[in-house]
Amino acid sequence: MLHDYIMKAGSYLVAVVLPSMLACTVESPIDMGTSGPGYAIENGIVQPVNHLPNPYETVRNWGNLPEGREWGSVSALHVDVDGESLWVAERCGRNSCAGATVDPVLKLDSSGNVVTSFGAGLFIWPHGMDVDTEGNIWITDARSANQRELEEFPSAVGLGHRVIKFSPEGEVLLVLGVAGEPGGPPMRHTEPNDVIVSDNGDIFVAEAHTGQGRNASDDTPARIVKYSADGTFLKTWGTFGDGPGEFRTPHALAFDSEGRLFVSDRGNNRIQIFDQEGVFLDEWKQFSRISGLHISEDNTLYAIDSESAPARNSGWRKGLRIGSARSGDVWYFIQQHDASVPSGGGGFGAMGEGVAVDADGNIYGGEVGSVTGLTKFIPRLIP
C-alpha cells in the first residue's frame, strides 16, 4: 500500500504540480525557501494570478446522498466544530428549493455519508452558512420564490430573505428577517448572502445579491448588518458603490485570528477588511472575484472564484486561490474544472461558490450552476 501511495503521489507531482511550478514566476511556500507575494502590480493594477503551484488532488462528486436523490447547487457549507464533519445546505437537487419536500440541510461524516438532515419547507435559496462555537448552524435564504416558481409551487409563498439559526438537531433557535418580505434593518433583510458569528456572539450579515447586476443602481442594498447574540439590531454599514466601505454584492464573510472582518466584495473584484465596528482597514484585489471565503486558525485564507470571465474580471481565471490573511501573499492556485457549460457568465470551465476547510487541511468546494454537488481538494504535497 505504501508503494501504491508513493507511486500515486509521484504521478500526481509529475502530472499536476510540476507543470504548475514550471509556469510559476513567483516562489511560494512549496519551494521550502523564501516566498514572494505571489502577484505583481503594474501601473497600480494587480495583475491576474493564474499561475501558481497546485499541491492539491481534486476529487469531484464527493459525498453520498441517499438513494434516489441528486445533488443540486451548493454555496452554503461549513465544517462542524468537531473539525471533521461537514454541514451542507444544497438547493434540493436543483437550483431552488421551491416546492421541494427533501431536507436541504445535511451533515456528512468524514467519509461523505449523510448522518443528519433537516430543514424541509424552510428555504427557497440557501446561500451562506456559519457554524458557531457552540455548534449551532446559521444559514441565509437569499431570495424569495420568483413568479414562475409561485405559479408552479404556491406553497413557496412566504419564504426567503431570512437568516435562520438551528441547533445541531435541527431545532430553529432564532430567525432574523421577515419571511418572504425584503427590506432593511432592523426588522428585515434583502437577499442575505452570508452570515458569520464572532467569538463574543455578535452576528454579521452581508446583503444583497443583486448589486453586481446590470440593473443595479445607487439605491440597491449593499451592506453589512450587525446584531448582538440575542438578535438585537446594533448597526449597519455600507452602501452601493466601489469606494472604501461601499459594495457591489458583499458575497461572503470571514474573520482572521485578530477578529478582522473580511468581506468578499464580489462585484468589485476585491476583499474589503474592516474591524467589527465597520471601520475600513484595507482592500485586496490579488485574490480575484471571490464567491466564497474561509480563514483557518493559522490565518490561511481560502478564496474561491466562480465567476471570473472575459466579460467580468478580464484576464483572471476561475479557481481557488490560497494565501495569507495576514500579509495578503498568494501561495497556491487550483484551476477551474473542465465543464461542457461554463459557469459564472462564461469564461473558462467551472469552479464552486462555497468553501470550507477541515482540521486536516482538506478543502471542500460547493458547486453551483453547470457543475453541482461537492468537490474535495486533498493537500497531497504541502510540506
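Kindly evaluate Asp298 against the criterion of being surrounded by fewer than 23 Cβ atoms within 10 Å (Cβ to Cβ), acidic (Asp, Glu), over 19 Å from Phe204 (Cα atoms) and at pLDDT below 95.
no
Restricting the search to segment 146-171, which residues are aliphatic (A, V, I, L, M) and touching a strand residue (DSSP E or B) at 6+ places or on another chain (Cβ under 6 Å)?
Listed by number, the residues that qualify are Val163, Ile164.
Whether any residue in segment 228-245 is surrounded by 15 or more Cβ atoms within 10 Å (Cβ to Cβ) and under 22 Å from Ser75 (Cα atoms) is what I want to check.
no
If we scan segment 2-24, do we find a residue that is at pLDDT below 95, part of a loop (DSSP other than H, G, I, E, B) and within 19 Å of Tyr332 (Cα to Cα)?
yes
A quick yes/no check of all residues on (1) at pLDDT 95 or above; (2) surrounded by fewer than 24 Cβ atoms within 10 Å (Cβ to Cβ); (3) under 28 Å from Asn64 (Cα atoms):
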site: Arg312; (1), (2), (3): no, yes, no
site: Leu320; (1), (2), (3): yes, no, yes
site: Gly323; (1), (2), (3): yes, no, no
site: Val330; (1), (2), (3): yes, no, no
site: Gly346; (1), (2), (3): no, yes, no
site: Val355; (1), (2), (3): yes, no, yes
site: Tyr364; (1), (2), (3): yes, no, yes
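Within the bounds of segment 336-344, is there any residue that is surrounded by fewer than 24 Cβ atoms within 10 Å (Cβ to Cβ) and modelled with pLDDT of 95 or more?
No, segment 336-344 contains no residue that is surrounded by fewer than 24 Cβ atoms within 10 Å (Cβ to Cβ) and modelled with pLDDT of 95 or more.
What tally of residues in segment 56-93 results from selecting those that are surrounded by fewer than 23 Cβ atoms within 10 Å (Cβ to Cβ) and β-branched (Val, Ile, Thr)?
4
Tally the residues that are crowded, with 19+ Cβ neighbours inside 10 Å and acidic (Asp, Glu), restricting the search to segment 257-270.
The total comes to 1.
Which residue is surrounded by the fewest Cβ atoms within 10 Å (Cβ to Cβ), if the candidates are limited to segment 185-227 and must be of a type in the set (Asp, Glu) and in contact (Cβ under 8 Å) with a residue 24 or more places away in the chain?
The extreme case among them is Asp199.
If I filter segment 309-339 down to residues being in contact with a strand residue (DSSP E or B) (Cβ under 8 Å, 6 or more places away or on another chain) and hydroxyl-bearing (Ser, Thr, Tyr), which single residue comes out as nearest to Glu283 (Cα to Cα)?
Ser324
Give the residue that is surrounded by the fewest Cβ atoms within 10 Å (Cβ to Cβ), with candidates limited to residues of segment 98-150 that are charged (D, E, K, R) and closer than 23 Å to Val355 by Cβ.
My answer is Glu134.
Could you tell me which residue of segment 35-50 is nearest to Ser288 (Cα to Cα), considering only residues that are among the hydrophobic types (A, V, I, L, M, F, W, C) and either within 23 Å of the chain's Cα centre (by Cα) or in a loop (DSSP other than H, G, I, E, B) (or both)?
Val49
Could you list, in sequence order, all residues of segment 300-326 that are of a type in the set (Ser, Thr, Tyr), under 25 Å from Lys376 (Cα atoms) and assigned to a loop (DSSP other than H, G, I, E, B)?
Ser306, Ser308
Consider only pairs whose beta carbons are under 7 Å apart and that are at least six residues apart or on different chains; among these, list those whose first residue lies in segment 285-303 and is closer than 14 Å to Asp329 by Cβ and in contact (Cβ under 8 Å) with a residue 12 or more places away in the chain and whose second residue is outside any strand (DSSP E or B) and basic (Lys, Arg).
Asn299/Arg326
Scanning for something among the polar types (S, T, N, Q), crowded, with 20+ Cβ neighbours inside 10 Å and either modelled with pLDDT of 95 or more or within 23 Å of Lys107 (Cα to Cα) (or both), does segment 151-174 turn up at least one residue?
no
The values are calculated or read from the model by the stated rules, or taken from the named source; none is laboratory data. As the structure is a computational prediction, the values presented were derived from the model and not from experiment. Ideal geometry is used to build each Cβ from the backbone, glycine not excepted, and the neighbour counts take in all protein chains shown.
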